[in-house]
Each structure stands twice: as structure tokens, then as C-alpha cells.
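Laboratory data are not the source of any read-out in this text; all were calculated from the coordinates shown. Keep in mind the model is a prediction, meaning the values are calculated, not measured. Every residue, glycine as well, gets a Cβ built from its backbone with ideal geometry; the counts of neighbours run over all protein chains shown.
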Amino acid sequence: MNGLTTDTIINRDALYALRELPSESVHCAVTSPPYYALRDYGLTMQIGREDTPEEYIRRLTVIFRELRRVLRPDGTLWLNIADTYCGTGSKGSSTDPKNPKGRNGQSVSIARKAAGIKQKDLIGIPWLLAFSLRSDGWYLRSDIIWQKENPMPESCKDRPTRCYEHIFLLTKEKKYYYDAAAIAEPISPKTAARYRLGRSANSKY
């Protein structure tokens, strides 16, 4: 895959597509890989249907290692990932009461058992992945909580509904491009007026 162009969709397996991209050619990567044991897309070797969380983490770590190769030294990775509860051990699927046919036609996967994790345990997938990527050479710079205003309803009655996901900011190098001004919020008129007044001699600030 020689000369890169903008606005190009590459519909392929992520790992194999990344291997054809030239090194240090990507400024920014934004991705949300299939979550572990939550959806069945009906594809062979699909991500998210591994037998264990450890296998899922290892597989994603290999993919993101290749992504780190194609990322520029000043580039950033924004990774959205959600958690999973340990289930009963079934590898089947169930229907979503809100979407009986599943989102975009795929069925809802049932989380299976995992070694060392009890049934109903929260597995901790986001942080397992974040720590694995950090150990593999990524700089783990930030954990952003994405609060979902309309989360998927859940039938459980013994815990709060999951209403957030993680977005991790990871980088290839210690120094990278980050436009803090782009997300800065303007100060309120009251705060601006207070700054204009200045500090008095007795001000604790």
C-alpha cells in the first residue's frame, strides 16, 4: 500500500491492513474495538469472542503494537473500551430486549467463565488492556470517562446500570501533539469580572 490518501476506507482485518501501512505515517488513531464477550458478529476469528480475557488482551496488544509502528512520534491514540461481567460459562447468545435482532443484526453474546474470576465479577477489561499496552511500550497518558446519557437498559437488580465507558489517551513518545486550547472552556463572565477587579491586600488568594 504505497501513497496514502485522505478520506479512504480500508475494509479489512485491522492487523493485516496495518501491516501494509508505512511506518510513522499516521497522525492520530481513534478506535473502539469489539468489546469482550458482548457481541457476536457472526464472523470467523472475530475480535471479542476469544475463550479467555487474557487471550482477548493479548490479541489486542499485538494489533496495537502494529498501530504504534505506523503512528508518528508526535501522534496519539484514543481508545474507547467498555467492561464485561463474568457470566455463567455459556458460549451461546441471547437477545437484547430493546433490539431483539441485535444492533445492526448481530446477536448479543453471553460472557463466559474465566479462570480466577468468579461468576458476576466485573472483569476489568479496560484497565487490563491499558496496563498491557503500557507494558508493551505505550505511554498511558489519560483515562477519560465517557458518561452515556442514554445507556442500554440492563435487567440486573443487584447493581447500578453501567452508564459509562473508558476512553484512554495513549502516545508513542513522551512528547506529542496535543491541542489543549481546542477543548478549553471559556471562563464565565463572573470569573472574568473578578479577575479584572484584582486582588485586595486582605485577599487569601
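Taking label positions 7 Å along the Cα-Cβ direction at both I63 and D143, the computed distance is 2.2 nm, reported to one decimal.
Projecting label points 7 angstrom from Cα along Cα→Cβ for K118 and E185 puts them 3.9 nm apart. Taking amide H atoms as placed 1.01 Å from N in the peptide plane, the amide H of Y164 lies under 5 Å from those of K148, each 5 or more residues away in sequence or on another chain.
Calculated FRET efficiency, F131 to D158, Cβ-Cβ distance, R0 = 25 Å: about 0.35 to the nearest 0.05.
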